[in-house]
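Trainee: A single structure is presented below for examination.
The values are calculated or read from the model by the stated rules, or taken from the named source; none is laboratory data. It should be emphasised that the depicted structure is a prediction, and the values quoted were computed from it without experimental measurement. Cβ atoms come from the backbone with ideal geometry, glycine included; neighbour counts cover every protein chain shown.
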Amino acid sequence: SNYHVAVVGATGAVGQQMLKTLEERDFPIGSLKLLSSKRSAGKIISFKGKEYTVEEATPEAFEGVQIALFSAGGSVSKALAPEAVKRGAIVVDNTSAFRMDSNVPLVVPEVNEKALTNHNGIIANPNCSTIQMVVALEPIREKYGLKKVVVSTYQAVSGAGLEAIEEMKQQTKDILEGNEFTPEILPVGGDKKHYQIAFNAIPQIDLFQDNGYTFEEMKMINETKKIMEMAGLEVAATCVRLPVETGHSESVYIETEKGGATVAELKELLATAPGVTLQDDPANQVYPLASECVGKNDVFVGRIRQDLDRDNGYHMWIVSDNLLKGAAWNSVQIAESLVKLDLLS
Ligand code: 11C
């Protein structure tokens, strides 16, 4: 059958990719509603050759909606996701609003699709940098167990939205032309100071927490434990913003429970893992690149090396399109899983 679908945040960086993904996957849509803030309402967006007028997201807008994909910021989700559920919709929420609620499944289908069966109307889509990491780590955890993860990220500006992309481009131009400029958005719209992103690397994504970690780092730590159902997993993260438009890269160090797996064995495992493309051939300079992952749904893994001091330690490089597997594709994939598992009323 066909479903009544709403996309909330339809004009944003992720919302646009959600529409593209729904189109490409030929998701069974009966009717489509494009919702946004009041500011963007009235815009025209075309979907499968038909034009839609973006409407303001209000509680009443969810009347008759069966699946609502939210990506319009945490405060919008907090206010409207429960309203959508009240009206019978199942919400797939791409913000951090509900991720750590114990009655909300936090789902990456390659890892914990079965968690969907316990949903109470809202399903949370994890943070982009978390998703690509757990897709690569799950096959290793299954076979060898996992004790510890230490990740450093190299994140693209599109994770901070369309305005952040614009800021990076304009700054680059201003610097090359010798013009004055004032950073206004990055690292975080809501913080006191703003820094140059062009030709720079900023070790702050989202706001600092009391423990000295940023919220992005704490998301990676807490979400990884929840998705993998491993409260005792040791995870540490350092998240850095780079002047890359799209595609998050991650340097990941892991320690497995069982030592002794060879790099060749890990490569063989990842070569056939769901949602993973192995790109690992140093002799021919083959490794994942942010510039190459854009527009693709997979998580790309390479540079797999044995740690030189520990026989259960491994290093790798994990790259994915943060707007696709990190956001839009994972959300649509969850919607596809709900259809497949017959979990839509
Ligand atoms: C970034 N990871 O790259 C963030 C964006 O919790 O869904 C995603 C924020 C989130 O800036």
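Trainee: Identify, from the list Glu60, Glu51, the residue that is farther than 12 Å from Gly9 by Cβ, among the charged types (D, E, K, R) and either assigned to a strand (DSSP E or B) or modelled with pLDDT under 95 (or both).
Mentor: When all the criteria are applied, what remains is Glu51.
Trainee: Restricting to the stretch 73-95, give me the number of residues that are within 16 Å of the ligand (Cβ to nearest atom), within 21 Å of Glu336 (Cα to Cα) and outside any helix (DSSP H, G or I).
Mentor: The number of residues fulfilling the criteria is 5.
Trainee: Hey, another quick one. Restricting to the stretch 242-254, what's the tally of residues that are over 15 Å from the mean Cα position of the chain (by Cα) and within 11 Å of the ligand (Cβ to nearest atom)?
Mentor: Within the stretch 242-254, residues that are over 15 Å from the mean Cα position of the chain (by Cα) and within 11 Å of the ligand (Cβ to nearest atom) number 2.
Trainee: If you don't mind, there's one more thing I want to ask. For the stretch 269-298, which positions are surrounded by fewer than 12 Cβ atoms within 10 Å (Cβ to Cβ) and assigned to a helix (DSSP H, G or I)?
Mentor: The answer is Pro282, Ala283, Asn284, Ser291.
Trainee: Here is a follow-up. Would you check which residues across the stretch 41-57 are surrounded by fewer than 13 Cβ atoms within 10 Å (Cβ to Cβ) and either among the basic types (Lys, Arg) or closer than 15 Å to Ala89 by Cα (or both) and list them? Lay out the reasoning, then the answer.
Mentor: Filtering the stretch 41-57 down to residues surrounded by fewer than 13 Cβ atoms within 10 Å (Cβ to Cβ) leaves 42, 44, 46, 48-51, 53.
Those that are surrounded by fewer than 13 Cβ atoms within 10 Å (Cβ to Cβ) and either among the basic types (Lys, Arg) or closer than 15 Å to Ala89 by Cα (or both): Lys48, Lys50.
Trainee: Among the listed residues Ala68, Ala61, Ala115, which satisfies the condition of being of a type outside the set (Ser, Thr, Tyr) and either within 16 Å of the ligand (Cβ to nearest atom) or touching a Leu at 6+ places or on another chain (Cβ under 6 Å) (or both)?
Mentor: Ala61
Trainee: Additional query: Checking the structure you have, find out if any residue of the stretch 167-174 is surrounded by 14 or more Cβ atoms within 10 Å (Cβ to Cβ), within 16 Å of the ligand (Cβ to nearest atom), touching a residue at least 24 places away in the same chain (Cβ under 8 Å) and not in a loop (DSSP other than H, G, I, E, B).
Mentor: Yes, the stretch 167-174 contains a residue that is surrounded by 14 or more Cβ atoms within 10 Å (Cβ to Cβ), within 16 Å of the ligand (Cβ to nearest atom), touching a residue at least 24 places away in the same chain (Cβ under 8 Å) and not in a loop (DSSP other than H, G, I, E, B).
Trainee: Now for a separate question. Go through the stretch 238-251 and give me each residue that's within 24 Å of Gln209 (Cα to Cα) and surrounded by 22 or more Cβ atoms within 10 Å (Cβ to Cβ).
Mentor: Cys239, Arg241, His248, Ser249, Glu250
Trainee: Residues of the stretch 209-224 being more than 13 Å from the ligand (Cβ to nearest atom) and over 16 Å from the mean Cα position of the chain (by Cα), which ones?
Mentor: Selection gives Gln209, Asp210, Asn211, Gly212, Tyr213.
Trainee: Anything in the stretch 122-144 that is more than 12 Å from the ligand (Cβ to nearest atom) and either under 24 Å from Ala156 (Cα atoms) or touching a residue at least 40 places away in the same chain (Cβ under 8 Å) (or both)? List them, or say none.
Mentor: Answer for the stretch 122-144, where residues must be more than 12 Å from the ligand (Cβ to nearest atom) and either under 24 Å from Ala156 (Cα atoms) or touching a residue at least 40 places away in the same chain (Cβ under 8 Å) (or both): Ile122, Ile123, Val134, Val135, Ala136, Leu137, Glu138, Pro139, Ile140, Arg141, Lys143, Tyr144.
Trainee: With the structure loaded, tell me whether Ser102 is within 23 Å of Leu323 (Cβ to Cβ) and assigned to a loop (DSSP other than H, G, I, E, B) or whether it fails that test.
Mentor: No.
Trainee: Consider Gly313 carefully, then state whether it is surrounded by 13 or more Cβ atoms within 10 Å (Cβ to Cβ), of a type outside the set (A, V, I, L, M) and farther than 30 Å from Arg25 by Cα.
Mentor: Against the criterion (surrounded by 13 or more Cβ atoms within 10 Å (Cβ to Cβ), of a type outside the set (A, V, I, L, M) and farther than 30 Å from Arg25 by Cα), Gly313 qualifies.
Trainee: Of all residues in the stretch 198-208, count the ones that are under 21 Å from the mean Cα position of the chain (by Cα) and in a loop (DSSP other than H, G, I, E, B). Give the steps one after another, and end with the answer.
Mentor: Filtering the stretch 198-208 for residues under 21 Å from the mean Cα position of the chain (by Cα) gives 201-208.
Still in the list and also in a loop (DSSP other than H, G, I, E, B): 201, 203-207.
Count: 6.
Trainee: With (1) away from the ligand (no atom under 16 Å from the Cβ); (2) assigned to a helix (DSSP H, G or I); (3) of a type in the set (Lys, Arg) as the list, and Lys258 as the residue in question, which single condition is left unmet?
Mentor: Condition not satisfied by Lys258: (2).
Trainee: What are the residues in the stretch 30-40 that are surrounded by fewer than 16 Cβ atoms within 10 Å (Cβ to Cβ), of a type outside the set (Ser, Thr, Tyr) and modelled with pLDDT of 95 or more, if any?
Mentor: So the first thing to find is which residues in the stretch 30-40 are surrounded by fewer than 16 Cβ atoms within 10 Å (Cβ to Cβ), and the list is 30-31, 38-39.
Checking the rest, the ones that are also of a type outside the set (Ser, Thr, Tyr) come to 30, 38-39.
Of everything in the stretch 30-40, just one residue is surrounded by fewer than 16 Cβ atoms within 10 Å (Cβ to Cβ), of a type outside the set (Ser, Thr, Tyr) and modelled with pLDDT of 95 or more, namely Gly30.
Trainee: Of the numbered conditions (1) touching a helix residue (DSSP H, G or I) at 6+ places or on another chain (Cβ under 7 Å); (2) part of a loop (DSSP other than H, G, I, E, B); (3) under 25 Å from Lys258 (Cβ atoms), Met230 satisfies every one except a single condition; which is it?
Mentor: Going through the list (1) touching a helix residue (DSSP H, G or I) at 6+ places or on another chain (Cβ under 7 Å); (2) part of a loop (DSSP other than H, G, I, E, B); (3) under 25 Å from Lys258 (Cβ atoms), Met230 breaks only (1).
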